[in-house]
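The next block holds one structure in the form of structure tokens; read it before the comments.
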Amino acid sequence: MSSPWTIVAITVLLIAASAFFVAVEFSLIAARRHRLEDEAAHSASARAALRSSSELSLLLAGSQLGITVCTLALGAITKPAVDGWLTPLLAATGMPGWIADVGGFVLALLIVTFLHLVVGEMAPKSWAIAHPERSAILLALPMRAFMTVFRPLLLVLNEAANRCLRRVGVTPVNEVESGQDPAALRHLVEHSVTVGALDEQHSGRLTSALELEALTVGDIARWDAAPSSVPGSATPAQVREAADRTGHLRQLVTGGAHLGVVHVRDCLRADGTATAADLMRPVPILDAAEPAYAALATMRESRAHLAVVERDGARAVLTLSDLLGRLMPV
């Protein structure tokens, strides 16, 4: 029989290894990808965690393999050793031999199971869930090393599991979805208002922001009024006159090969011979079916305060103020 200290050392290593695999599994499921990306710029461990999160299915296969091996090893090494230590102690109390055997077996099973569940699984799981990004980054490099060594076996096991899923109509995924969908967030806002955790003013703004996911630019554009415009041949004075008449500092420039927009500010110091076509800037042209959030991104990237929306040959104007007004109503 092996030395008791050898058995204790092996047991500690097996429980620690099980805790490691459990923590890896739950940390990458709970970790927010954008937080890992923030750390990846200056941390090799964070970059390793990002790589693991992009092949989550394979990582889970590795974690489950590690946990299973540790469990079997505890059952094959620690449990018989504990049983062998306890049975003579129980027999020494004077109880019949078969009762001592059964009692030693049951007590050894309970002790090993308790240590494995509490120390090897439940404690590391709670730690990983409480500190997902920290634990994912801390454990990433050793887990990547483990996956590198056992990758061929993990690929076989993972593919076998995926085939089983496909046979029952389930599509396997390699990455966990981050964030919440708009419907879930909308329900959260409504619940927060109901329980008094969020006032109605803020809830209205949040609801309007969530509606941008379903709104299109055609829903916001001004179809009831003709866009304020000037011809491409308009002089700076005519542009300023049009701005005074309509109250709009930006005027669409029409009549040329391309649409554009001219700001009255650009006409203040322009040469008298310049035309609106010379002073105009490019204007984004959007389809009426384009989502409002995509239009907001387009206008922000192009630094445009005005866009043209087209629908069935008709044109309307969409301003950045229109979009922000729907996002943050007063």
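The values are calculated or read from the model by the stated rules, or taken from the named source; none is laboratory data. Here the structure is a predicted model, which is why all the values come from computation and not from measurement. Backbone-built Cβ (ideal geometry, glycine too); neighbour counts: all protein chains shown.
Observations on the model:
- Any hit, the range 54-62, residues being within 20 Å of residue 117 (Cα to Cα) and in contact with a Lys or Arg (Cβ under 9 Å, 6 or more places away or on another chain): yes
- Within the range 27-44, the set of residues being crowded, with 22+ Cβ neighbours inside 10 Å and either not in a loop (DSSP other than H, G, I, E, B) or not assigned by TED's automatic domain parsing to the domain that holds residue 67 (or both) comprises 27, 28, 36.
For (1) of a type in the set (S, T, N, Q); (2) not in a helix (DSSP H, G or I), each residue gets a yes or a no:
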| position | (1), (2) |
| --- | --- |
| 234 | no, yes |
| 245 | no, no |
| 251 | yes, yes |
| 265 | no, no |
| 270 | no, yes |
| 308 | no, yes |
| 317 | no, yes |
| 321 | yes, no |
| 325 | no, no |
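- Selection of the range 67-121 for residues being of a type outside the set (A, V, I, L, M), touching a residue at least 40 places away in the same chain (Cβ under 8 Å) and within 21 Å of residue 19 (Cβ to Cβ) yields 70, 71, 78, 116, 120, 121.
- Check on residue 12, buried (at least 22 other Cβ atoms within 10 Å of the Cβ), at pLDDT 90 or above and in the same structural domain as residue 105 (by TED's automatic domain parsing): no
- Failed condition for residue 256, given (1) over 27 Å from residue 324 (Cα atoms); (2) at pLDDT below 70; (3) not assigned by TED's automatic domain parsing to the domain that holds residue 299: (3)
- Among the candidates 13, 50, residue that is free of Cβ contacts under 8 Å to residues at least 12 places away in the same chain and of a type outside the set (Gly, Ala, Ser): 13
- In the range 264-290, the residues that are β-branched (Val, Ile, Thr), over 24 Å from residue 223 (Cα atoms) and either crowded, with 18+ Cβ neighbours inside 10 Å or not assigned by TED's automatic domain parsing to the domain that holds residue 308 (or both): 275
- Residue 119 being under 29 Å from residue 45 (Cβ atoms) and part of a helix (DSSP H, G or I): yes
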